[in-house]
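Accompanying notes for the structure given below.
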Amino acid sequence: MSGRKKLFGGLTADIGIDLGTCNTLIYVRGRGVVSSEPSVVAVERGTKKVVAVGQDAKRMLWKTPGDIIAIRPLRDGVIADLETTEKMIRYFISKVLSKRWIIKPRMVMGVPSCITEVERRAVEEAAYKSGAREVKIIEESLAAAIGAQIPIFEPAGHMIVDIGGGTTEISVISLGGMVVTNAIRLGGDAFDLAIIKHVRTVHNLIIGEQTAEQLKMKIGNASPEKTIDKMEIKGTDAITGLPRRLEIDSVEVREALQEPINAVVEEVKRTLGQTPPELAADIVERGIVMTGGGSILKGLPKLLSKETGVPVILAEDPLLCVAIGAGQYYDFAKGHNDNRALYDALSG
Ligand SMILES: Nc1ncnc2c1ncn2[C@@H]1O[C@H](COP(=O)(O)OP(=O)(O)OP(=O)(O)O)[C@@H](O)[C@H]1O
Ligand SMILES: [Mg+2]
C-alpha cells in the first residue's frame with residue numbers, strides 16, 4: 001500500500017448502504033456490517049418530530065400511544081414517505097459516521113429498482129446531507145450479486161433472485177450490467193399477509209403481522225419436510241372478539257404460503273424465458289443464486305430448483321449481501337476497470 005493510500009485509508013471510509021423496506025444495513029469498508037436495524041421511524045402525530053428510529057421504533061409499531069405513530073417509510077418497495085425516509089437515512093448514517101474520518105466517506109446505496117427518479121434523487125440528497133463526499137445509487141440486485149461473491153464482470157450469465165420484505169428482484173447479470181431485470185412488489189411481507197388471511201379464513205382467528213412472521217420463520221416451509229412442526233399462536237376470535245390460542249402445523253403454513261410463493265416462481269420462470277440462450281446456458285451450469293431475507297424460508301431454494309430444473313444456491317448471509325455488495329462496489333468496479341484497460345492494451 002502506498003504511503004498516501006495508507007495515510008488516507010485511516011481518515012476516510014467507503015460506506016455501503018442497503019436501504020431495504022424491512023431493514024436498513026450499513027457496511028463500512030474494513031469493518032464489515034456495522035448497523036442493521038428495521039426501517040421504521042416513530043414520529044409525533046401532527047408535528048412529525050422523530051421520536052425513535054430503527055429497533056426502538058419497531059417496538060412501538062403496533063403498540064403506539066395516540067400521539068405517536070410508527071411508520072415504515074419504505075413499505076412495499078416504494079418510498080411511501082419521502083421526508084421520513086430522508087430523516088431515517090440521516091439518522092442511521094450519523095450513528096456510524098466516525099468523527100475520526102477527516103475526509104468525508106464515499107457512499108454506495110443499493111435501492112429497489114422500481115423506485116422513481118424523484119425518489120432516487122431524494123435518497124441521494126439525504127446521503128449528501130448526512131456527510132457523503134460522493135454518492136452512488138445502484139440497483140439492489142447488482143449489489144446483492146457482488147455481496148454474494150458472484151463474478152459479475154465475467155462475460156457469463158448469472159441469475160440473482162433477491163427476495164426482500166416488499167420486493168422480489170430477479171436479474172440476469174453479465175459483464176457487470178443487467179441484461180434482464182424484473183421486479184415484483186411482493187416479498188416476505190406478502191408471505192406474512194397470506195398467513196394472516198389463511199388463519200382468519202380457516203380458523204376465524206385474527207393475528208398480527210409479528211405473529212405471522214414468527215410462524216413463517218419458525219415452522220414455515222416451501223417444500224414438504226420429513227417432520228411436521230407445530231406452533232401455538234394467540235389472536236382474537238373474529239366472531240366473539242375474545243382472545244384465543246390455536247395450534248398450527250407446518251403443512252398448514254405451507255398451504256397458506258402457496259399463492260405468493262407461486263408468484264415468485266412464475267416470475268423466475270418468466271425471466272428465464274426472457275434470457276438470451278447463451279446466458280441461459282451459463283445459468284443452467286452455474287445455478288441461480290438467492291439472496292434477501294425472504295429466501296431463507298425453509299425449502300424455497302429446493303422448490304425453485306424443482307420448478308425450473310436449474311440448480312439453486314442460497315447465498316452465504318442472504319440478509320447482508322446487498323450491504324456488503326454496495327460497500328465493496330468501488331473495489332469491484334476498480335478491479336474491472338483495471339482488467340478492461342489491460343484487455344484493451346493487450347488486444348491493441
Ligand atoms: N428465517 C427466515 N425465514 C423466512 N423469512 C425470513 C427469515 N428471516 C427473515 N425473513 C424475512 O425476510 C424479509 C426481510 O428481508 P430483507 O431484510 O432482505 O428485506 P429488505 O431488504 O428490507 O426489503 P426489500 O429488499 O424488499 O427492500 C422479511 O419479510 C422477513 O420476515
Ligand atoms: Mg433488500
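By the gyration tensor of its Cα atoms, with a ≥ b ≥ c the square roots of the eigenvalues, what is the shape of the chain: rounded for a/c under 1.5, prolate for a/b over b/c, or oblate?
The shape class here is oblate.
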Roughly how big is the chain's charge dipole about its Cα centre, with Cβ charges of +1 (Lys, Arg) and -1 (Asp, Glu), in debye to the nearest 20?
1360 debye
For the range 188-257, shape from the Cα gyration tensor axes a ≥ b ≥ c, cut at a/c of 1.5 then a/b versus b/c, turns out prolate
Among DSSP beta bridges lying fully in the chain, give the percent that are antiparallel, nearest 5.
70 percent
Taking S295, S130 and counting other C-beta atoms within 10 Å, the order from fewest to most
S130, S295
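Going down the list K58/K197; K87/K334; K48/K197; K49/K197; K95/K197; K136/K216, which pairs span over 29 Å between their C-alpha atoms?
Over 29 Å apart, Cα to Cα: K87/K334; K48/K197; K49/K197; K95/K197; K136/K216.
In nm, what is the difference between 0.36 nm times the number of residues separating R120 and I239 and their Cα-Cα distance?
My answer for the length gained is 38.3 nm.
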K306: which lysines have alpha carbons under 20 Å from its alpha carbon, excluding same-chain residues fewer than 8 sequence positions away?
K226, K269, K298
Shape of the range 182-305 from its Cα gyration tensor (a ≥ b ≥ c, root eigenvalues): rounded if a/c is under 1.5, otherwise prolate when a/b > b/c, or oblate?
prolate
Residue-ordered couplings for the range 123-129, obtained by feeding phi - 60° into the Karplus form 6.51 cos²θ - 1.76 cosθ + 1.60 and rounding to whole Hz (Gly and Pro as x), are 5, 4, 4, 4, 5, 4, 5
For a footprinting-style exposure proxy, rank T275, T227 by other Cβ within 10 Å, fewest first.
T227, T275
Could you work out the helix-only [θ] at 222 nm for the chain, with each DSSP H run of four or more residues adding -39,500 (n - 2.57) and the total divided by the number of residues, to the nearest 500 deg cm²/dmol?
-13000 deg cm²/dmol
Extended-chain gain in nm, criterion 0.36 nm per residue less alpha-carbon gap, N204 and R45
53.9 nm
In the neighborhood of D249, defined by Cβ-to-Cβ distances under 15 Å, what is the net charge if each Lys or Arg adds +1 and each Asp or Glu adds -1?
+1
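No lab work stands behind these numbers, since they all come straight from the coordinates. Since the structure is predicted, the reported quantities are computational estimates derived from the model, not experimental observations. Cβ coordinates were reconstructed from backbone atoms using ideal geometry, including for glycine residues, and neighbour counts include every protein chain displayed.
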